[in-house]
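Please read the structure below before turning to the comments.
The values are calculated or read from the model by the stated rules, or taken from the named source; none is laboratory data. What you are looking at is a predicted structure, and each value in this text was computed from that prediction instead of being measured. Virtual Cβ from ideal backbone geometry, glycine too; neighbours counted across all protein chains shown. Note: accessible area is taken over every heavy atom of the protein model, side chains too, but ligands, DNA and RNA are not part of it. Shrake-Rupley method; radii C 1.70, N 1.55, O 1.52, S 1.80 Å.
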Amino acid sequence: MRLEQNTVHRKTFSPWYDTELMCLVTILFSVLVFLFCLAGISVCNEKEEFQNYIWVPTFLMMMSGGLFLSLIIRLTGRSVTRYRNRNLNGFS
(Lines give C-alpha, C1' and ligand atoms only; values in the text may rest on other atoms or scores of the structure.)
Protein backbone atom coordinates (compact mmCIF):
# COMPACT_ATOMS: atom_id res chain seq x y z
CA MET A 1 0.00 0.00 0.00
CA ARG A 2 1.24 3.45 -0.83
CA LEU A 3 1.64 6.16 1.78
CA GLU A 4 0.96 9.88 1.49
CA GLN A 5 3.99 12.12 1.13
CA ASN A 6 3.07 14.16 4.23
CA THR A 7 5.31 12.80 6.99
CA VAL A 8 3.06 13.92 9.86
CA HIS A 9 -0.13 12.17 8.83
CA ARG A 10 0.53 8.98 6.94
CA LYS A 11 -2.77 7.67 5.72
CA THR A 12 -2.71 4.33 3.95
CA PHE A 13 -4.62 3.90 0.72
CA SER A 14 -6.32 0.58 0.19
CA PRO A 15 -7.16 -0.43 -3.37
CA TRP A 16 -10.80 -0.77 -4.42
CA TYR A 17 -10.66 -4.56 -4.34
CA ASP A 18 -9.51 -4.51 -0.71
CA THR A 19 -12.36 -2.40 0.65
CA GLU A 20 -14.75 -3.80 3.22
CA LEU A 21 -17.65 -3.87 0.75
CA MET A 22 -15.71 -5.90 -1.81
CA CYS A 23 -14.47 -8.26 0.90
CA LEU A 24 -18.06 -8.84 2.02
CA VAL A 25 -19.21 -9.43 -1.56
CA THR A 26 -16.36 -11.90 -2.06
CA ILE A 27 -17.29 -13.68 1.19
CA LEU A 28 -20.88 -14.00 -0.02
CA PHE A 29 -19.69 -15.35 -3.38
CA SER A 30 -17.38 -17.87 -1.72
CA VAL A 31 -20.23 -19.12 0.50
CA LEU A 32 -22.39 -19.61 -2.60
CA VAL A 33 -19.57 -21.52 -4.32
CA PHE A 34 -19.13 -23.64 -1.18
CA LEU A 35 -22.84 -24.55 -1.19
CA PHE A 36 -22.70 -25.29 -4.93
CA CYS A 37 -19.76 -27.62 -4.29
CA LEU A 38 -21.70 -29.46 -1.60
CA ALA A 39 -24.43 -30.09 -4.18
CA GLY A 40 -21.78 -31.24 -6.66
CA ILE A 41 -20.32 -33.69 -4.17
CA SER A 42 -23.75 -35.14 -3.45
CA VAL A 43 -24.37 -35.60 -7.20
CA CYS A 44 -20.97 -37.28 -7.59
CA ASN A 45 -21.81 -39.66 -4.78
CA GLU A 46 -25.22 -40.55 -6.30
CA LYS A 47 -24.04 -41.24 -9.85
CA GLU A 48 -21.49 -43.99 -10.20
CA GLU A 49 -20.03 -42.65 -13.46
CA PHE A 50 -19.23 -39.29 -11.82
CA GLN A 51 -17.39 -40.68 -8.79
CA ASN A 52 -14.02 -40.36 -10.53
CA TYR A 53 -14.56 -36.60 -10.78
CA ILE A 54 -15.42 -35.92 -7.12
CA TRP A 55 -12.05 -34.18 -6.79
CA VAL A 56 -13.31 -31.18 -8.80
CA PRO A 57 -16.03 -30.00 -6.39
CA THR A 58 -13.85 -30.99 -3.43
CA PHE A 59 -10.98 -28.86 -4.70
CA LEU A 60 -13.31 -25.92 -5.39
CA MET A 61 -14.82 -26.28 -1.93
CA MET A 62 -11.39 -26.18 -0.29
CA MET A 63 -10.42 -23.11 -2.30
CA SER A 64 -13.62 -21.22 -1.47
CA GLY A 65 -13.30 -22.19 2.18
CA GLY A 66 -9.73 -20.91 2.24
CA LEU A 67 -10.79 -17.64 0.63
CA PHE A 68 -13.63 -17.31 3.14
CA LEU A 69 -11.30 -17.85 6.11
CA SER A 70 -8.67 -15.49 4.69
CA LEU A 71 -11.16 -12.67 4.25
CA ILE A 72 -12.76 -13.23 7.66
CA ILE A 73 -9.33 -13.03 9.30
CA ARG A 74 -8.50 -9.87 7.33
CA LEU A 75 -11.77 -8.12 8.24
CA THR A 76 -11.49 -9.19 11.88
CA GLY A 77 -7.96 -7.81 12.06
CA ARG A 78 -9.11 -4.50 10.63
CA SER A 79 -11.97 -4.28 13.12
CA VAL A 80 -9.66 -5.03 16.05
CA THR A 81 -7.15 -2.45 14.84
CA ARG A 82 -9.86 0.16 14.39
CA TYR A 83 -11.22 -0.60 17.86
CA ARG A 84 -7.76 -0.30 19.46
CA ASN A 85 -7.03 2.97 17.65
CA ARG A 86 -10.36 4.40 18.77
CA ASN A 87 -9.61 3.49 22.39
CA LEU A 88 -6.05 4.85 22.21
CA ASN A 89 -7.30 8.20 20.95
CA GLY A 90 -9.66 8.59 23.90
CA PHE A 91 -12.91 7.86 22.10
CA SER A 92 -15.20 5.44 23.90
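Applying a threshold of 9 Å to beta carbon distances and a minimum spacing of six or more residues, or different chains, the list of pairs starting in segment 11-30 at a residue that is assigned to a helix (DSSP H, G or I) and ending at one that is surrounded by fewer than 10 Cβ atoms within 10 Å (Cβ to Cβ) and among the hydrophobic types (A, V, I, L, M, F, W, C) reads Asp18/Met1; Met22/Trp16. Residues that are open to solvent by 80 Å² or more (accessible area, probe 1.4 Å) and of a type in the set (A, V, I, L, M, F, W, C) were ranked within segment 4-33; the one that is modelled with the lowest pLDDT is Val8.
Would you mind stating whether Leu67 is touching a residue at least 40 places away in the same chain (Cβ under 8 Å), touching a Cys at 6+ places or on another chain (Cβ under 8 Å) and open to solvent by less than 100 Å² (accessible area, probe 1.4 Å)?
On the way: touching a residue at least 40 places away in the same chain (Cβ under 8 Å): yes; touching a Cys at 6+ places or on another chain (Cβ under 8 Å): no; open to solvent by less than 100 Å² (accessible area, probe 1.4 Å): yes.
No: the conditions fail for Leu67.
A Cβ distance below 6 Å, combined with a sequence gap of six or more or placement on separate chains, defines the contacts here; from segment 35-52, residues that are surrounded by 14 or more Cβ atoms within 10 Å (Cβ to Cβ) reach residues that are among the aromatic types (Phe, Trp, Tyr) in the pairs Cys44/Phe50.
Residues in segment 47-92 that are part of a helix (DSSP H, G or I), at pLDDT below 90 and over 18 Å from the mean Cα position of the chain (by Cα): 7 in all.
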